[in-house]
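Presented below is the structure to which this report refers.
Since every read-out is calculated from the coordinates, none of them should be taken as a lab result. Owing to the predicted nature of the structure, the values given are computational and were not obtained by experimental measurement. Neighbour counts run over all protein chains shown; Cβ positions are idealised from the backbone, glycine included.
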Amino acid sequence: MAFYLGFDASTQSLTAILIEVQGARRAIAATDTFRYDDELPEYGTRHGAIVGVEAGVVSSPPLMWADALDRMMARLSRAHPAELSRVAALAISAQQHGSVYLNAEAAGRLASLDPRVALARQMDDVFTRPLSPIWLDSSTGEACAAMASALGGGDVVARITGSRPYERFTGPQIRQWARRAPVAYADTVRIDLVSSFLTSLLVGAPAPLDPGDASGMNLWDLSARRWWPDALETAAPNLAAKLPRVTGASDVVGVVAPYWQRRYGVPPARVVVGTGDNPSSLIGTGLVTKGRVAISLGTSNTVFGLVRDAQASESADGHVFGAPTGGYMGLTCFSNGAIAREATRDRYGLSWEDFSSALRRTRPGNDGGLMLPWLLPEITPHVASAGIRREHLDENDAEANVRGVAEGQAMAMANHTAWMGVAINEIHATGGASANRDILQVIADVFGARVARLPVTNSACLGAALRARHADVIAQGGPDDWSDAVAGFVEPHPDDCVEPSSAAHAVYVELRPRYAAFEARESGGQSL
Ligand code: XUL
């Protein structure tokens, strides 16, 4: 019997899932999660982040992620010592795009972590940038424009890297910071993504990136599978020397460092290259073959699925990333996910049960009321000035506003997914809000597709544990078989499927172009 451990360092929380695999027996052996705001209040985050004074600046302390990983391992070693001592392989999933800037001390520190001293105390002076920009940051518009123009236009950048220059992507982030803080940039010997930073902590040495997370930087040439020299040069001086190596998506990068072995009784298990939460969710939702999409309702809302090639993303809507299965995945990301849903709930003093009953009591189409739920600056479509916009919707009508946020999110997801060219008959739903059947009903009706709820709501974390197992099997000379790797963990229960209503779908077929036109007017973009 073997155990595999996955971690997901998301925007707001850290989750761990231990899975057990013995022949055909596959089970979740343990799961644990905590919110940074609650468990690590000393870092001063709200929703896991710190909003800067300058418009659009959003960051998180990288030390908090290290501390969270340390504390989670402590919790697992207390609650599940026997299982932890039999872990065969581990992998990290982490929020995408966030970057961690390390000085010349860091590598030595990683190599000699003292098991008697908490991790955060040993790593607190290795950062040249104490706050890491994260995916919610939208402050780098100028850097994006400069990179697009230097590289032949946004569509050229999209063709090569899978995405037009986006504000949260790491290349524009690095460019802006290198120009504003040249001395600190020169002192930086290594720039990690969150996934490679946490993986480095696990192995006690600088760890590589996988192609999935590397493609969230506007620096990685997707088809050539190497850094794009022109983009590196445009972003910052001497950048190639500071970036991690990029390995295959199923590569083992080392074994668990002595720190974790001695402090928590973790065995010298294999550590697999980390990846971003969306590539990891692709595995955790079982999308290892083409033709289906998943919707993740987390801090961000994302829609993703496997796509045919690297060229699909010239539309302004989406991204193509390397997929853990070796091909490519398409993704559209909305920043106004959970935070907009929670703000609507709180604004009207509702519980989640009230939120659900408001959805049940109101009619599909909301009697023509529309909401653009842009509580935060929005990524898709690009909206720099946050603020909820309403049309034919009374701000004081709590129930209509609940339906407004749910329908607005679902219609935006449907409208901005067409570029992937995937015929959507079934959607796998994941993320915290996928537990809410009434939200899923709205999504099923808008897309006209069945929505299958998966047994594990944190598919990014499950994906990390499954990736660990898949890579471990290969490392032992076994087959590269993704269908077998995910079997037993990702099958939706038939009772957990939400079917679309054809009458409600017909309402949305009419409403979606109106929603798109309202969105285009308010964002200054193109209508459908
Ligand atoms: C994807 C994106 C978000 C983060 C959230 O491009 O920015 O989904 O990965 O953790």
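Toward the positive end of the charge dipole of region 109-251, with +1 on the Cβ of Lys and Arg and -1 on the Cβ of Asp and Glu, the farthest Cα among 185, 211, 163 is that of 185. For region 123-231, the alpha carbon convex hull comes to 108 Å³ per residue, rounded to a whole number. Annotation: amide H-H contacts under 5 Å for residue 13 (H modelled 1.01 Å from N, sequence separation of 5 or more, or interchain): 36. Phi angles of region 152-162 translate, via the Karplus equation with coefficients 6.51, -1.76, 1.60 and θ = phi - 60°, into HN-Hα couplings of x, x, x, 6, 5, 4, 5, 5, 8, 9, x Hz per residue; Gly and Pro are given as x. Rounded, prolate or oblate: pick one for region 350-431, where a ≥ b ≥ c are the square roots of the eigenvalues of its C-alpha gyration tensor, a/c under 1.5 means rounded, and failing that, prolate if a/b is larger than b/c, else oblate. Judged from the Cα gyration tensor, region 350-431 comes out oblate (a/c at least 1.5, b/c at or above a/b).
Taking the Cα centre as origin and putting +1 on Lys and Arg beta-carbons and -1 on Asp and Glu beta-carbons, what dipole magnitude results for region 81-277, to the nearest 20 debye? Spell out each step's value before the answer.
Values: 19 positive and 18 negative charges, 75 e Å.
The calculation lands at about 360 debye.
How far is helix 352-361 tilted, in degrees, relative to the longest principal axis of the Cα atoms in the chain, given as a value from 0 to 90 rounded to the nearest 10? Tilt relative to the chain: about 30 degrees. Annotation: amide H of residue 257 within the under-5 Å range of 203, 204, sequence separation 5 or more or interchain, hydrogens built in the peptide plane.
For the ranges 243-251, 393-401, 89-97, what's the packing order if you count other beta-carbon atoms within 10 Å of each residue, average per peptide, and put the highest first?
Details: 243-251: 19.2, 393-401: 16.4, 89-97: 30.6.
My ranking of the peptides, most packed first, is 89-97, 243-251, 393-401.
Charges were assigned to the Cβ only: +1 to each Lys and Arg, -1 to each Asp and Glu. The resulting dipole of the chain about its Cα centre is roughly 840 debye.
Where does the chain land at 222 nm, in deg cm²/dmol rounded to the nearest 500, when only DSSP H runs of n ≥ 4 count, each adding -39500 (n - 2.57), divided by all residues?
Numbers: 21 runs with 201 residues, N = 528.
Rounded to the nearest 500, the figure is -11000 deg cm²/dmol.
Dipole orientation for the chain: of the candidates 30, 113, 240, 113 has the Cα lying most toward the positive pole (charges on Cβ; Lys, Arg +1; Asp, Glu -1). Summarising the overall dimensions of region 81-277 from its C-alpha atoms, the Rg and Dmax are 17.2, 56 angstrom. The angle between the Cα long axis of helix 62-79 and the main principal axis of the chain comes to about 80°, on a 0 to 90 degree scale.
Treating each Cα of the chain as one equal point scatterer and applying the Debye formula with no solvent, the log10 of I(q)/I(0) at q = 0.08, 0.09 Å⁻¹ comes out as -0.47, -0.60.
Calculate the length of the line joining the C-alpha centroid of region 111-159 to that of region 2-17, in whole Å. Cα centroid of region 111-159 versus Cα centroid of region 2-17: 21 Å apart. Between the helical axis of 141-150 and the dominant principal axis of the chain, each derived from Cα atoms, what acute angle in degrees is found, rounded to the nearest 10? So the helix axis and the longest Cα principal axis differ by about 80 degrees.
Percent antiparallel among DSSP beta bridges with both residues in the chain, to the nearest 5? Close to 75 percent. Using amide H atoms built 1.01 Å from N in the peptide plane, name the residues 5+ places from residue 245, or on other chains, whose amide H lies under 5 Å from its own. For residue 245, the qualifying residues are 209.
Quick check on packing: order 115-124, 345-354 by the mean number of other C-beta atoms within 10 Å, highest mean leading.
On the way: 115-124: 15.3, 345-354: 13.3.
Peptide ranking by packing, descending: 115-124, 345-354.
Counting every other Cβ atom within 10 Å of each residue's Cβ, 168, 360 order from fewest to most as 360, 168.
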